[in-house]
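Beneath this line is the structure, given in structure tokens, with notes to follow.
The values are calculated or read from the model by the stated rules, or taken from the named source; none is laboratory data. Just so you know, these numbers come straight off a predicted model, no measurement behind them. Here the Cβ positions follow ideal geometry from the backbone for every residue, glycine too, while neighbour counts run over all protein chains shown. Surface accessibility is based on the protein's heavy atoms, side chains included, excluding ligands, DNA and RNA. Shrake-Rupley method; radii C 1.70, N 1.55, O 1.52, S 1.80 Å.
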Amino acid sequence: MNANDPQITLYVNGTARSVPADSTVAQLVESLDLGQRRIAIELNGEVIPRSEHASRPLNDHDRIEIIRAIGGG
């Protein structure tokens with residue numbers, strides 16, 4: 001990441017995080033090393049299907065909740 005690249009601020013599970021301005025949901029998931037995990041993404045109160053992660057852009061001050069599925073019994 002270049003220091004001159006424009007950044008936006010997201011709130012991921014309540015914590016501020018800076019990402020490049022042209023990021024998508026899929027890129028955020030990869031940057032958090034969650035790409036192979038079973039997760040659900042909520043963007044500003046809307047659940048985003050996995051099939052839309054690569055095409056869904058992120059905007060400044062978006063609020064993202066990431067929930068990981070945990071198996072057990």
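Mind listing the phi-derived Karplus ³J(HN,Hα) values for segment 39-54, rounded to whole Hz, using 6.51, -1.76 and 1.60 with θ = phi - 60°, and x for any glycine or proline?
Whole-Hz 3J(HN,Hα) from phi for segment 39-54: 9, 10, 10, 10, 10, 6, x, 10, 6, 9, x, 3, 5, 9, 4, 6.
Please report the relative contact order for the chain, taking Cα pairs under 8 Å with a sequence separation of at least 6, and give it as a percent rounded to a whole number.
For the chain, the relative contact order is 39 percent.
Which residues among segment 1-34 fall inside the zone where the amide N is under 12 Å from a point 7 Å beyond the Cα of residue 54, along Cα→Cβ?
Answer for segment 1-34: 26-27.
Check residue 8: other-chain or 5+ apart residues with amide H under 5 Å from its amide H, H built from backbone geometry?
Excluding prolines and chain starts, which carry no amide H, the hits are 19, 21.
Using the beta-carbon distance between residue 46 and residue 7 and R0 = 25 Å, what value does 1/(1 + (r/R0)^6) give for FRET efficiency, to the nearest 0.05?
In this case the efficiency is close to 0.60.
When the helices in the chain are scored as -39500 (n - 2.57) per DSSP H run of 4 or longer and the sum is shared across all residues, what 222 nm value do you end up with, to the nearest 500 deg cm²/dmol?
Computed ellipticity for the chain at 222 nm equals -2500 deg cm²/dmol.
[x] 66, 27, 21; [y] 49, 23, 23; [z] 28, 21, 16: which one is Cα extents along the principal axes in Å as calculated from this entry?
Of the labelled values, this structure produces [y].
Spelling out what I want: for every residue of segment 18-24, take phi, set θ = phi - 60°, compute 6.51 cos²θ - 1.76 cosθ + 1.60 (Karplus), and round to whole Hz; glycine and proline get x.
Karplus values, whole Hz, x for Gly and Pro: 8, 9, x, 4, 9, 6, 10.
Hey, any idea what % of segment 22-68's accessible area is carbon plus sulfur with a 1.4 Å probe?
Roughly 45 percent, rounded to a whole number.
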